[in-house]
Amino acid sequence: MTNDSTDARDLNKLAVRIGLPEFSIRPECEDDLEAAALALRRAWFERAHKAADATLKSPCAGTTVPMPGGDTVRFGYERDLDVSMLEERGALDHPTPDGWTSSRVLCRSGQSTLSCLLHLVTSTTVPAVPLTLHHAGRYFESKGLVDLWPQHVFRHASAAASEVDVLLGEPVFCDGRFGVSDPRTLPRARRALLLDTTLVGTAVDLSPWFDRFDGPLVAVFRSGLKLDQAGLELANVGIAQLFEREDTPVAAADNLRRIRGLTGSGLTLDELAALSAPWFLDRTYLEHYRAAIFAHNASLGSAIGRESAVFEERSHPSLVSAGAEAPFCAVRLRGGDGTAHRRLVEIVDAEVRRRGLRVTQGGSFGFRGHRYELIEPDHEDGVPFLRVALGFREGPTLDGSSPCFGSLQRAQSWRTDWIHGQGTLPASLWCSRSRSTEYTRSESMSSA
């Protein structure tokens, strides 16, 4: 790895875009890349936070605040902060179909966006509640948020229903096993179609969803924290693109912004300044960053495959539907419970250290570096699995990750005894670099 590595070139381009000098990165050290990414983040924050540091939350009338990129924002009551400088930045994520209008609205997170959209749906509906709603997806927090609404407002309908008032869909979803939604098999929506594209970003064809929709309002929304921010986590943000039929307008964008203000779901001045980084909502950069992460995780999914006697076959959506994308893999043992998956983590911990891979135990996905985490959801929300989220960064760790899991998925003899706490794990099952001794379960636990 050299200063010409993909990650090094990318970080230096980002640095130049905000007026910083390029980084000098040692060719042999992946840690230098992580340090450079954090240095870039800190340097931007030092500039971005100056605006809010010097401004009261309830400023005097006529206060204007300069943004780090040169824009000026009128700043009154922060809850009603005008974020149009970002909402109008660049092209919209999805083309607007004939007969529709479209606009972008930003909220404080993906979840706050969904919350505001549910308020919007109930406030613009013609018939009296309850509204029938089907959730075609598996994200547990979305399920929990919908479940907070009383049943006299939203009444849940099954996938077998022919039509519903509101369809909340996830084109790609994961509950420990990946799935890909087929709009043709879902109920038609009469009033509103809400699509959560957090796992796929802009990589979704909306046309089959529109084909199954009869109502006036479509909202395509996602969390914009990782894939949209070069993996630097500048600020939580939810990104919604609203579509309204030209012949039945419902003033969706204006109403959603009003709900955003009333519920305190808008960006703060600090968050607006942080998100004014030039690569946020830069469609060209988003596609560049997202494509690398999707390719890396698709490669890992291919290495695990569908035929393993060790791992289940739905570790990546491309194994379910060709071409489907995701920013991580869901590695799940066949027949494994929580205890078995905790022992699997011991194996991965030991092998990561032995190989010298720069993989961090930690949550979420879409970073520049690489992470893994054991997910143990409540029983009704899914099954245990190891989330392995390969990031944007190329180098020895990326090169070594697919062979590591590929070797493990081919090893059948160790699985039953090791996962159930007996026997030894031959180091030779991993790859040609393995040492001549054996890992025992106690050794792995003591070195964890």
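The values are calculated or read from the model by the stated rules, or taken from the named source; none is laboratory data. Quick caveat: nothing in here was measured; it's all calculated off a predicted structure. Reconstructed Cβ throughout: ideal geometry from the backbone, glycine too, with neighbour counts over all protein chains shown.
Of all positions in the range 134-152, none carries a residue that is surrounded by fewer than 16 Cβ atoms within 10 Å (Cβ to Cβ), polar (S, T, N, Q) and farther than 30 Å from Pro377 by Cα. Looking only at residues in the range 353-367 that are free of Cβ contacts under 8 Å to residues at least 40 places away in the same chain and not in a loop (DSSP other than H, G, I, E, B), the one that is surrounded by the fewest Cβ atoms within 10 Å (Cβ to Cβ) is Gln361. For the range 282-301, the criterion of being under 30 Å from Ala192 (Cβ atoms) and among the hydrophobic types (A, V, I, L, M, F, W, C) is satisfied by at least one residue. Here Leu281 meets the list (1) assigned to a helix (DSSP H, G or I); (2) buried (at least 22 other Cβ atoms within 10 Å of the Cβ); (3) touching an Asp or Glu at 6+ places or on another chain (Cβ under 9 Å) almost entirely, failing just condition (1). Filter the range 386-412 for residues that are hydroxyl-bearing (Ser, Thr, Tyr) and in contact (Cβ under 8 Å) with a residue 40 or more places away in the chain and give the result. Within the range 386-412, Thr397, Ser401, Ser402 qualify. With respect to the conditions (1) closer than 24 Å to Thr96 by Cα; (2) out of contact with any Phe, Trp or Tyr (no Cβ under 6 Å at 6 or more places or on another chain), Pro183 lacks only one, and its number is (2).
If the condition is being hydroxyl-bearing (Ser, Thr, Tyr) and either surrounded by 21 or more Cβ atoms within 10 Å (Cβ to Cβ) or not assigned by TED's automatic domain parsing to the domain that holds Ser115 (or both), then the range 182-212 contributes Thr197, Thr198. For residues in the range 228-251 being modelled with pLDDT of 95 or more and of a type in the set (A, V, I, L, M), which is farthest from the chain's Cα centre (by Cα)? Once the filter is applied, the top-ranked residue is Leu242. Listed by position, the helices (runs of 4 or more DSSP H) enclosed by the range 368-448 include none that has at least 3 residues that are modelled with pLDDT under 75 and in contact with a Ser or Thr (Cβ under 7 Å, 6 or more places away or on another chain).
Among the residues making up the range 256-315, those that are of a type in the set (D, E, K, R), closer than 30 Å to Phe178 by Cα and within 20 Å of the chain's Cα centre (by Cα) are Asp282, Arg283, Glu287, Arg290, Arg314. Within the range 140-161, not a single residue is in contact (Cβ under 8 Å) with a residue 60 or more places away in the chain, in contact with a Phe, Trp or Tyr (Cβ under 7 Å, 6 or more places away or on another chain) and closer than 24 Å to Gly238 by Cα. Of Gly362, Gly366, all but one fail to be in contact with a Leu (Cβ under 6 Å, 6 or more places away or on another chain) and farther than 10 Å from Pro384 by Cβ; the exception is Gly366.
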